[in-house]
Amino acid sequence: MKNICVLVSGGGTNLQAIIDAQNRGEIKGGKVTCVISSKEGAYALERAKKADIPSVVLPRKDYNDSKSYSEAILAELDRRKADLVVLAGFMTILDECVTRAYPYRIINVHPALIPSFCGEGFYGLKVHECALEKGVKISGATVHFVNEEADAGAIILQGAVEVKNNDTPQTLQRRIMEDVEWKLLPKAVSLFCEDRITVKDGKAYVDLEK
């Protein structure tokens, strides 16, 4: 049984999607054993408490720079014996000391179809604002491995939604979360825990036949 550590910063809706999937028996081969928050008072901590999941707060503001903060995160992940690290609305970019210590063991969900509308600075409503400005007809979300470059790790799963003529950044964001993010992230977590993802030449291959 793999230990899953979830990193959060805010409301924790993606964390809740994982918890709900776990409660339904959809996360096979793994279990959420710890939630780590970069902010005190994040509602995600309340979600963890209700689910009887241990949590710890490592406030980003208590550290002078990204490297020292990342080292503290790494020490906590090691202490918790993390097999998989999930970034679920975690608003801090981790130093390469973490990604190098956990290669192809950290996953993130990004609210766009990578390689579109991704990279440094593309987060939250900004992603959907840019998608609407470009007039794209479909958008969606991508679950990918995390490496040293923002949103550049191997793609695991993607899902799309139709962009409607009357969409606002807020309505598009909500549809992508409900129809794609909350479904794909738990699925990717389970696939990892079942050893059904392999990486070759920087690309992730998913075995959906097992």
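The values are calculated or read from the model by the stated rules, or taken from the named source; none is laboratory data. Everything numeric in this text was worked out from a predicted model, so none of it was measured. Cβ sites come from the backbone with ideal geometry, for glycine too, and all protein chains shown count toward neighbours. Heavy atoms of the whole protein, side chains included, go into the accessibility calculation; ligands, DNA and RNA do not. Shrake-Rupley method; radii C 1.70, N 1.55, O 1.52, S 1.80 Å.
Compared with the dominant Cα axis of the chain, that is its longest principal axis, helix 182-193 is turned about 40°.
For the chain, the percent of C-alpha pairs falling in each 5 Å distance bin, counted from 0 to the bin holding the largest distance, reads 1, 7, 16, 20, 21, 17, 11, 5, 1, 0. Highest mean packing first, where packing is the average number of other Cβ atoms within 10 Å per residue, the peptides 164-175, 112-123 line up as 112-123, 164-175. Fraction of C-alpha pairs exceeding 21 angstrom in the stretch 8-117: 36 percent, rounded to a whole number.
To one decimal place, what Kirkwood hydrodynamic radius in Å is obtained for the stretch 82-195 from all pairs of distinct Cα atoms? For the stretch 82-195, inverting the mean 1/r across all distinct Cα pairs yields 14.4 Å. Dividing the Cα radius of gyration of the stretch 54-119 by 2.2 N^0.38 Å, with N the residue count, gives 1.18.
Ordering Ile4, Pro103, Tyr205 by the projection of their Cα atoms onto the charge dipole of the chain, which places +1 on the Cβ of Lys and Arg and -1 on the Cβ of Asp and Glu, puts Ile4 at the extreme positive end. Looking at the chain, the DSSP beta bridges with both ends there are about 45 percent antiparallel.
Expressed as a whole percent, the accessible area of the stretch 57-210 that falls on carbon and sulfur atoms is 49 (1.4 Å probe). Residues in the stretch 48-115 average 51 Å² of solvent-accessible surface per residue, probe 1.4 Å, ligands and nucleic acids excluded. In this rough spin-label picture, where each label sits 7 Å from Cα along the Cβ direction, the Lys81-Leu125 distance is 4.4 nm.
Our summary gives the stretch 98-202 a relative contact order of 28 percent, counting only alpha carbon pairs under 8 angstrom and 6 or more residues apart. Charge dipole of the chain (Cα centre as origin; +1 on each Lys and Arg Cβ, -1 on each Asp and Glu Cβ, all else neutral): 500 debye, rounded to the nearest 20.
Stretching the chain fully between Lys31 and Arg105 yields a gain of 25.2 nm (0.36 nm per residue, less the alpha carbon separation).
Compared with the dominant principal axis of the Cα atoms in the chain, helix 13-23 is inclined by about 70°.
Take every pair of alpha-carbon atoms less than 8 Å apart whose residues are at least six positions apart; their mean separation over the length of the stretch 1-105 yields a relative contact order of 37 percent.
Of the cross-linked pairs Lys28/Lys67; Lys50/Lys187; Lys134/Lys187, those separated by over 25 Å at the C-alpha level are Lys28/Lys67; Lys134/Lys187.
Based on Cα contacts under 8 Å between residues 6+ apart, the chain shows a relative contact order of 21 percent.
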